[in-house]
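Engineer: Structure provided below as structure tokens; questions to follow.
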Amino acid sequence: MTRLSFEFFPPRESEALTTLMDNVVSRLDQKQPDYFSVTYGAGGSTRDGTLDTVTRLIEAGHQAAPHLSIGADRDEVICDLLEKYRDMGVKRIVALRGDVPSGLPTLSQNAEALVRLIRQNFGDTFRLLVAAYPEVHPDAISANDDLDFFERKVKAGADAAITQYFYTPYAYYDFRDRCVARGIDIPINVGIMPVTSYEGIVRFSQKAGADVPRWMLKKLEGMQGDSAGIREFGIDMCTRLCEDLRANDVPGFHFYTLNRWGASLRILDNLGL
Ligand code: FAD
């Protein structure tokens, strides 16, 4: 069985949160995901928004997984938030270092420290999910060094991982093989970013350090202005990507929805999921 989850960012306005709940969550819920995750803005900038969105999801009877980054927050601030989540019945946390708001110095902490902090203070209350980078995190000095950091997060107590999105499945197979060779056996779910616009995918990928293959960029460049065509291409391409991954036994797909439902649902319908 391929497990599913969907990621949202916390809407700024309360009307937008209602729209997310009524139009997006209700539709994606048809696919019976394990959970809906909610991102945490760089440096804790969406602390309240993430909590509000998670609260609405839980109140509506869904499983919600807040993202939490160690960022610049003090341990007490993090533990205070985690107590709230525990008391609400949250079962999963996506534990991250987080991105640094532009202009601020790079963080000295990393996700491993957050995983340790949560395990030390909350034991096994939460299932902990961490990020994985089959195409190598932009800060890494080498692929091997990056895998060392991943292994440390797993040893500190992570239960499962979600990858940064990618469009070259071999990158995932190679990463998984290298994990297995080190005895890392947690499920590594695949992050899927449906392509819906040329500018969007270029901007996101530069920031995330995700590789958009040349053929894709050239094709999308040539389709600029044809938003319906780009959307159809994106759905078809991501369907084929997911088919390849399923045939190679990935445990689950985590959709970066950008608070939209259309492309994710179409891809899942195409896959018969
Ligand atoms: P870590 O695992 O701590 O580190 C990532 C890499 O940085 C390591 O693999 C290593 O190569 C290098 N590194 C770490 N520590 C050191 C060190 N001490 N010395 C040298 N190199 C080091 N960002 C947000 O702000 N909010 C979110 O909600 C969010 N959600 C995400 C969800 C997923 C599924 C993914 C894949 C990413 C998400 N991000 C989010 C982005 C993420 O915060 C960034 O990629 C960030 O730069 C790294 O976070 P991490 O938890 O992977 O960090």
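Engineer: What list do you get for Phe149, Phe8 if you sort them by fewest beta carbons within 10 Å? Don't skip to the answer; put the middle values down first.
Structural biologist: On the way: Phe149 18, Phe8 26.
Starting with the residue having the fewest Cβ neighbours, the order is Phe149, Phe8.
Engineer: Can you work out the Karplus-derived ³J(HN,Hα) for every residue in region 159-166? Use 6.51 cos²θ - 1.76 cosθ + 1.60 with θ = phi - 60°, whole Hz, and x for glycine or proline.
Structural biologist: Using θ = phi - 60°, the values come out as 9, 7, 10, 10, 7, 4, 6, 8 Hz.
Engineer: Let me make sure I get this right: for region 74-146, a, b and c are the square roots of the gyration tensor eigenvalues over alpha carbons, sorted descending. Under 1.5 in a/c it's rounded, otherwise prolate if a/b > b/c, else oblate. Which is it? Could you put the intermediate results ahead of the total?
Structural biologist: On the way: a/c = 2.44, a/b = 1.65, b/c = 1.48.
Prolate.
Engineer: Go ahead and estimate [θ] at 222 nm for the chain from helices alone: -39,500 (n - 2.57) per DSSP H run with n ≥ 4, summed, over the residue count, rounded to 500. Walk me through the intermediate numbers first.
Structural biologist: Values: 10 runs with 123 residues, N = 273.
Estimated from H runs of four or more residues: -14000 deg cm²/dmol.
Engineer: While we're here: For Val190, which sequence-distant residues (separation of 5 or more, or a different chain) have an amide H within less than 5 Å of its own amide H, given hydrogens modelled in the peptide plane?
Structural biologist: Thr163, Gly252, Phe253, His254
Engineer: Right, next: Once phi is turned into ³J(HN,Hα) by the Karplus curve 6.51 cos²θ - 1.76 cosθ + 1.60 with θ = phi - 60°, what whole-Hz value does each residue of region 137-146 show in order, with x for glycine and proline?
Structural biologist: Karplus-based 3J(HN,Hα) across region 137-146 equals 4, x, 7, 6, 7, 7, 4, 5, 5, 4 Hz.
Engineer: Rounded if a/c is under 1.5, else prolate if a/b beats b/c, else oblate: with a ≥ b ≥ c from the C-alpha gyration tensor eigenvalues square-rooted, which is region 227-267? Working shown, then result.
Structural biologist: Working: a/c = 3.34, a/b = 1.49, b/c = 2.24.
Because a/c hits 1.5 or more and a/b fails to exceed b/c, region 227-267 counts as oblate.
Engineer: Percent relative contact order of region 3-271, based on C-alpha pairs within less than 8 angstrom and at least six residues apart?
Structural biologist: Numbers: 416 pairs, mean separation 51.5, N = 269.
It rounds to 19 percent for region 3-271.
Engineer: Same structure, new question: Any idea how far the Cα center of region 183-205 sits from the one of region 6-76, in Å?
Structural biologist: 18
Engineer: Taking amide H positions as placed 1.01 Å from N in the peptide plane, with prolines and chain starts having none, which residues 5 or more places from Ala65, or on another chain, fall under 5 Å of its amide H?
Structural biologist: The list, which skips near neighbours in sequence, is Phe36, Ser37, Val38.
Engineer: Setting aside same-chain residues fewer than 8 positions from Lys218, which lysines have a Cα under 21 Å from its Cα?
Structural biologist: Within the straight-line cut-off, Lys218 pairs with Lys207.
Engineer: Here's another thing I want to ask about it. Sort Thr46, Thr2, Thr257 by Cβ crowding within 10 Å, fewest neighbours at the top. Please report the intermediate quantities before stating the final value.
Structural biologist: Details: Thr46 20, Thr2 16, Thr257 24.
Final ranking by Cβ density, sparse to dense: Thr2, Thr46, Thr257.
Engineer: For region 41-53, take each phi angle, set θ = phi - 60°, evaluate the Karplus expression 6.51 cos²θ - 1.76 cosθ + 1.60, and give the result in whole Hz per residue in order, putting x for glycine and proline.
Structural biologist: x, 3, x, x, 5, 10, 3, 5, x, 5, 4, 4, 5
Engineer: For a footprinting-style exposure proxy, rank Leu258, Leu268, Leu217 by other Cβ within 10 Å, fewest first. Don't skip to the answer; put the middle values down first.
Structural biologist: Numbers: Leu258 17, Leu268 22, Leu217 14.
Ordered by Cβ neighbours within 10 Å, fewest first: Leu217, Leu258, Leu268.
Engineer: Quick check on the chain: of the DSSP beta bridges with both residues there, what percent are antiparallel, nearest 5%?
Structural biologist: Values: 0 of 27 bridges.
DSSP beta bridges in the chain are roughly 0 percent antiparallel.
Engineer: Search the structure for amide H atoms under 5 Å from the amide H of Asn110, placed 1.01 Å from N in the peptide plane, and list their residues when 5 or more places away or on another chain.
Structural biologist: none
Taken together, the values in this text are just the output of simple stated rules run on the coordinates, not laboratory data. Since the structure is predicted, the reported quantities are computational estimates derived from the model, not experimental observations. Virtual Cβ from ideal backbone geometry, glycine too; neighbours counted across all protein chains shown.
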